[in-house]
Amino acid sequence: MFNALVSDVVYGYMVPWLPDPQVFMFKGLECLAGMPMVGFGSAIYLMAHLGTGPRDGLMTGLQRVTQYPIARVRTSIEIVVVVLGFFLGGTVGLGTFLFAFTIGPSVSAGLFVVSKLSNANNDNER
């Protein structure tokens, strides 16, 4: 629940500050720039044990059970969600595909970076 509350507050606060490009290329660049940010943000709250959202809980549970890499597990979840959403009548565009195929590696990279930063911080405190 905390995950949804924080996401809603941050989303509501940040949207007015974000650019709204009208050129397709700039929309694509904004979308690509957002993927590492989402991955890093996900890693921060996952490593801080602030509670997982539905997909993150499924991701961490499946990773623990299957021992597959986080990137593969999260990407698989997103692809299944995109396909189900499409068959249920949802809109699927280029940004949807970009997110589905890049969020797994982004979360994995974010977890790696946050883990290294956390360990470096712990080493400095000793």
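Taken over the range 23-78, the residue count meeting the criterion of being in a loop (DSSP other than H, G, I, E, B) and open to solvent by less than 30 Å² (accessible area, probe 1.4 Å) is 1. Of all residues in the range 74-107, those being under 10 Å from the mean Cα position of the chain (by Cα) and among the aliphatic types (A, V, I, L, M) number 3. For Val10, are the conditions met, namely being at pLDDT 95 or above and in a helix (DSSP H, G or I)? Considered against the rule, which asks whether it is at pLDDT 95 or above and in a helix (DSSP H, G or I), Val10 comes out as no. Does Val92 satisfy the criteria of being in contact with a helix residue (DSSP H, G or I) (Cβ under 7 Å, 6 or more places away or on another chain), more than 27 Å from Asn119 (Cβ to Cβ) and part of a loop (DSSP other than H, G, I, E, B)? Yes. All of Gly95, Gly110, Gly90 fail the test of being more than 19 Å from Ala4 (Cβ to Cβ), small (Gly, Ala, Ser) and touching a Cys at 6+ places or on another chain (Cβ under 6 Å), apart from Gly95. Scanning the range 1-37 for residues being among the aliphatic types (A, V, I, L, M) and touching a Phe, Trp or Tyr at 6+ places or on another chain (Cβ under 8 Å) gives a total of 2.
Against the condition open to solvent by 70 Å² or more (accessible area, probe 1.4 Å), in contact (Cβ under 8 Å) with a residue 24 or more places away in the chain and in a helix (DSSP H, G or I), how does Phe86 come out, does it pass? Judged against the criteria, Phe86 is not a match.
The values are calculated or read from the model by the stated rules, or taken from the named source; none is laboratory data. Predicted, not measured: the structure shown is a model, and the values here were computed from it. With ideal geometry, Cβ positions are generated from the backbone for all residues, glycine too; neighbour counts draw on all protein chains shown. Just so you know, the surface numbers come from the protein's heavy atoms only, side chains and all, with ligands and any DNA or RNA stripped out. Shrake-Rupley method; radii C 1.70, N 1.55, O 1.52, S 1.80 Å.
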